[in-house]
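K.L.:
Got a structure for you, questions after.
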Number of protein chains: 2
Amino acid sequence: MSERALCVIGLGLIGGSLLRAAEGAGWKVRGTATSEADVTAAREAGFDVMSSIEDVLADADDDALVVLAVPLPAVVDVLAAVAQHAPHCRLTDVVSVKQPVAAAVERLAPSARYVGGHPMAGTSASGWAAGSATLFRGAPWVVGSDDGADPVVWTQVAQLALDCGAHVVPADAADHDAAVARISHLPHLLAAVLASVGADGGPLAMALSAGSFTDGTRVAASRPDLVRAMCEGNRSALLEAVDDALGRLGAARGSLASTGALEATIRAGHLARRSFDAARGAARDDTVPINDTVPINDTVPIDLTTAGALTRLRELGQQGGRVIALHHTRCQVLL
Amino acid sequence: MSERALCVIGLGLIGGSLLRAAEGAGWKVRGTATSEADVTAAREAGFDVMSSIEDVLADADDDALVVLAVPLPAVVDVLAAVAQHAPHCRLTDVVSVKQPVAAAVERLAPSARYVGGHPMAGTSASGWAAGSATLFRGAPWVVGSDDGADPVVWTQVAQLALDCGAHVVPADAADHDAAVARISHLPHLLAAVLASVGADGGPLAMALSAGSFTDGTRVAASRPDLVRAMCEGNRSALLEAVDDALGRLGAARGSLASTGALEATIRAGHLARRSFDAARGAARDDTVPINDTVPINDTVPIDLTTAGALTRLRELGQQGGRVIALHHTRCQVLL
């Protein structure tokens, strides 16, 4: 068994970038895709790419970490192949929701040693050609830290993320899905709503629009099928986030209609954005040269093989902590 | 009387940029401000700036176009001074709502020959130091085309906008306010709501946030008092836009909860944003070298002194048209 062998299924923007980044970091990589164009392009770039998922999964039970890098609607078919050809493999994924993938693994490939993952990186482009070995640099990469996660697989997934230049955010599937509903899926939905409300104003409104409208609707230009798959796949968490937004917007509406004041809404949003900027600025400062410059005293050491390690990792993740280094089963978490 | 004399009251970002741009285009400019720092800085830059509004308004009845370049809450005090020192002056403004300013002029300075204006340009910075002679280049500049507008004053305000490098969008006060509610005030409100909903997700959500959240909340970083003045000053139009957004977001919520589908919302938003991009791209192509390259056959000539001219200008503005050249009282409108 090789701990640094990787088998990537799906070679679009994320899978294709992963193949490049992992090879650059010394992993032995192979892959497959259903898109003939992606297969051809990846082969021409010199990668070991097979046309059939059976071939790429051969021996994967023993020798590779398997990565599901397909959109959520395609996960079921890939898992059926995994169950048939590599039922006990080490398995992760890069899909943007975690509970539906975990449920599908439980149902279709229950013997796989699965630890979910989600690199928070992307562009509005798609396909192998849009990928890059540097896509994940400085990005957060969620590694599933649900109770019962296999420490060996967890460590390998986390090491893969670190090797790609990302930093590892530990979270369980439910916490992940609740967080991305608020900071990714709701923003896509609000962008769609704003674009439609603006268009309802006709050509005059469009002619007058400036930065606030352009920025607020940018992601409405993304591929609708991908946005739908992401948002609809996270239904219950997104409903909660939408209800929060509806409540806040409804309160602003009531205040504007009755007293004419929007102070509470605008002040709260301003403070939230300013503290986001402050935290983001602080995080950026110490992201790049992280292993060299962070004194060991500022980090929390956690041994994954001890009792309560996953609980502690999740707690630190909820507080904004991230894993910045691994030594066998020991994590250094920066908070 | 000099047709190219300008008297700017308020020397912040917009007023200060206007002083610079108009002087660069050959206008004889003078100004005043209540901020001592702005007065000093403008004087040091060589401009004819007075400390008192009485002094700057002396002889303005006869010799200058007066510009109100103060935030909405300060308009009342400035109009009282105008009524006292230059009651019959030619008057315009650069405030981000038009109906409240028109109502205040009607009440406080009813003899002024007022034509409203609104250059759609700005940055998140403020004050004289943030201004620039190039701020208005390529920007839409609404010129109030309500029934009864004085053709002489309308032409001067439009010429000022063209001289500053802007293009003139004709609209009446109500249409202007309805449009900016949708493409400026609602985006600010949604950004505030989204920032708060994201922050409710705690440090984990903030750690995972990427481009969709960053873009969608950018304008929540703007000065809350300015955002409030702008949004609260456009109460009834903003209520309509908020209701449109609440209706669309509520419909998405209902669809997600019942069938699980977001197709209608996401598809409509995507189409709206794509046609916005297409229109914006087309507009940008012919904005810069406009007077030289647009064949006269592609424009609509309108003589402001003929009956129905303002109605026709408003219709063209509603269709996305803009005035790109003036010859005395004749406008060339590009549609």
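The values are calculated or read from the model by the stated rules, or taken from the named source; none is laboratory data. Quick caveat, the model's predicted, so the values are computed rather than measured. Please note: Cβ atoms are built from the backbone with ideal geometry, for glycine as well, and neighbour counts cover all protein chains shown.
K.L.:
Regarding residue B:201, is this residue crowded, with 21+ Cβ neighbours inside 10 Å and over 22 Å from the mean Cα position of the chain (by Cα)?
P.N.:
yes
K.L.:
Quick one: residue B:60 ticks every box in (1) modelled with pLDDT under 95; (2) in contact with a Leu (Cβ under 8 Å, 6 or more places away or on another chain) bar one, so which box is it?
P.N.:
(2)
K.L.:
Which residues, taken from the range B:120-158, are within 12 Å of chain A (Cβ to nearest Cβ), surrounded by fewer than 22 Cβ atoms within 10 Å (Cβ to Cβ) and of a type in the set (S, T, N, Q)?
P.N.:
Listed by number, the residues that qualify are B:123, B:124.
K.L.:
Take the conditions assigned to a helix (DSSP H, G or I), touching a residue at least 12 places away in the same chain (Cβ under 8 Å) and small (Gly, Ala, Ser) and apply them to residue B:158. Does it pass?
P.N.:
Yes; evaluated as a whole, the condition is true for this residue.
K.L.:
Can I ask one more? Select from the range A:179-198 the residues that are touching a residue at least 24 places away in the same chain (Cβ under 8 Å), closer than 24 Å to residue A:147 by Cβ and at the interface with chain B (Cβ under 7 Å from one of its Cβ atoms) and list them in ascending order.
P.N.:
A:180, A:182
K.L.:
Select from the range B:106-132 the residues that are among the hydroxyl-bearing types (Ser, Thr, Tyr) and closer than 19 Å to residue A:212 by Cα and write down the one among them that is modelled with the lowest pLDDT.
P.N.:
Ranking the candidates gives B:124 first.
K.L.:
Another question, if that's okay. Does residue A:215 satisfy the criteria of being in contact with a helix residue (DSSP H, G or I) (Cβ under 8 Å, 6 or more places away or on another chain), in contact (Cβ under 8 Å) with a residue 40 or more places away in the chain and surrounded by 14 or more Cβ atoms within 10 Å (Cβ to Cβ)?
P.N.:
No.
Okay, residues lined up against (1) facing another protein chain (nearest Cβ under 7 Å); (2) crowded, with 19+ Cβ neighbours inside 10 Å; (3) at pLDDT below 95; (4) closer than 17 Å to residue B:174 by Cβ:
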site: B:225; (1), (2), (3), (4): no, no, yes, no
site: B:232; (1), (2), (3), (4): yes, yes, no, no
site: B:237; (1), (2), (3), (4): no, yes, no, yes
site: B:241; (1), (2), (3), (4): yes, yes, no, yes
site: B:245; (1), (2), (3), (4): yes, yes, no, no
site: B:251; (1), (2), (3), (4): no, no, no, no
site: B:255; (1), (2), (3), (4): no, no, no, no
site: B:259; (1), (2), (3), (4): no, no, no, no
site: B:263; (1), (2), (3), (4): yes, no, no, no
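K.L.:
Within the range A:1-43, can you find the residues that are touching an Asp or Glu at 6+ places or on another chain (Cβ under 6 Å) and touching a residue at least 40 places away in the same chain (Cβ under 8 Å)?
P.N.:
A:1, A:2, A:5, A:11, A:25, listed by residue number.
Residue-wise test of (1) more than 24 Å from residue A:277 (Cα to Cα); (2) in contact with a strand residue (DSSP E or B) (Cβ under 6 Å, 6 or more places away or on another chain); (3) of a type in the set (Lys, Arg).
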position	(1), (2), (3)
B:130	no, no, no
B:159	yes, yes, no
B:171	yes, yes, no
B:183	yes, no, no
B:187	no, no, no
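K.L.:
Is at least one residue of the range A:7-25 farther than 22 Å from residue A:109 by Cα and among the β-branched types (Val, Ile, Thr)?
P.N.:
Yes - at least one qualifying residue is present in the range A:7-25.
K.L.:
Which one of these does residue B:276 not meet: (1) at pLDDT 95 or above; (2) over 30 Å from residue A:264 (Cβ atoms)?
P.N.:
That leaves (1) as the condition not met.
K.L.:
Considering only residues that are of a type outside the set (A, V, I, L, M), farther than 23 Å from residue A:134 by Cα and more than 7 Å from chain B (Cβ to nearest Cβ), which ones fall in the range A:159-178?
P.N.:
Those that are of a type outside the set (A, V, I, L, M), farther than 23 Å from residue A:134 by Cα and more than 7 Å from chain B (Cβ to nearest Cβ): A:172, A:176, A:177.
K.L.:
Here's another thing I want to ask about it. How do the pairs read when you match residues in the range B:220-244 that are farther than 16 Å from residue B:190 by Cβ with residues anywhere that are assigned to a helix (DSSP H, G or I) and at pLDDT 95 or above, using Cβ under 7 Å and keeping only pairs 6 or more apart or on different chains?
P.N.:
If the second residue must be assigned to a helix (DSSP H, G or I) and at pLDDT 95 or above, the pairs left are B:233/B:100; B:235/A:256.
K.L.:
Right, residue A:81: more than 24 Å from residue A:155 (Cβ to Cβ), among the aliphatic types (A, V, I, L, M) and modelled with pLDDT of 95 or more or not?
P.N.:
yes
K.L.:
Every residue in the range A:210-223 that is under 23 Å from residue B:251 (Cβ atoms) and either facing chain B (nearest Cβ under 7 Å) or in contact with a Cys (Cβ under 7 Å, 6 or more places away or on another chain) (or both), please.
P.N.:
A:213, A:216, A:217, A:218, A:219, A:220, A:221
K.L.:
Are there strands (runs of 3 or more DSSP E) fully within the range A:1-110 with at least 1 residues that are over 21 Å from the mean Cα position of the chain (by Cα) and either of a type in the set (A, V, I, L, M) or buried (at least 23 other Cβ atoms within 10 Å of the Cβ) (or both)? List them.
P.N.:
A:5-9
K.L.:
Looking only at residues that are in contact with a Pro (Cβ under 8 Å, 6 or more places away or on another chain) and not hydrophobic (A, V, I, L, M, F, W, C) in the range A:141-169, which one is farthest from residue A:224 (Cα to Cα)?
P.N.:
Taking the candidates together, the pick is A:145.
K.L.:
Does residue B:175 satisfy the criteria of being over 20 Å from the mean Cα position of the chain (by Cα), modelled with pLDDT of 95 or more and of a type in the set (Asp, Glu)?
P.N.:
It is false that residue B:175 is over 20 Å from the mean Cα position of the chain (by Cα), modelled with pLDDT of 95 or more and of a type in the set (Asp, Glu).
K.L.:
Still on this structure: Restricting to the range A:135-153, name every residue that is more than 15 Å from residue A:102 (Cα to Cα) and under 14 Å from the mean Cα position of the chain (by Cα).
P.N.:
A:135, A:136, A:137, A:138, A:139, A:140, A:141, listed by residue number.
K.L.:
Out of the range A:111-133, which residues are in contact with a Gly (Cβ under 7 Å, 6 or more places away or on another chain) and not in a helix (DSSP H, G or I)?
P.N.:
Result: A:115, A:116, A:117, A:126, A:127, A:131, A:133.
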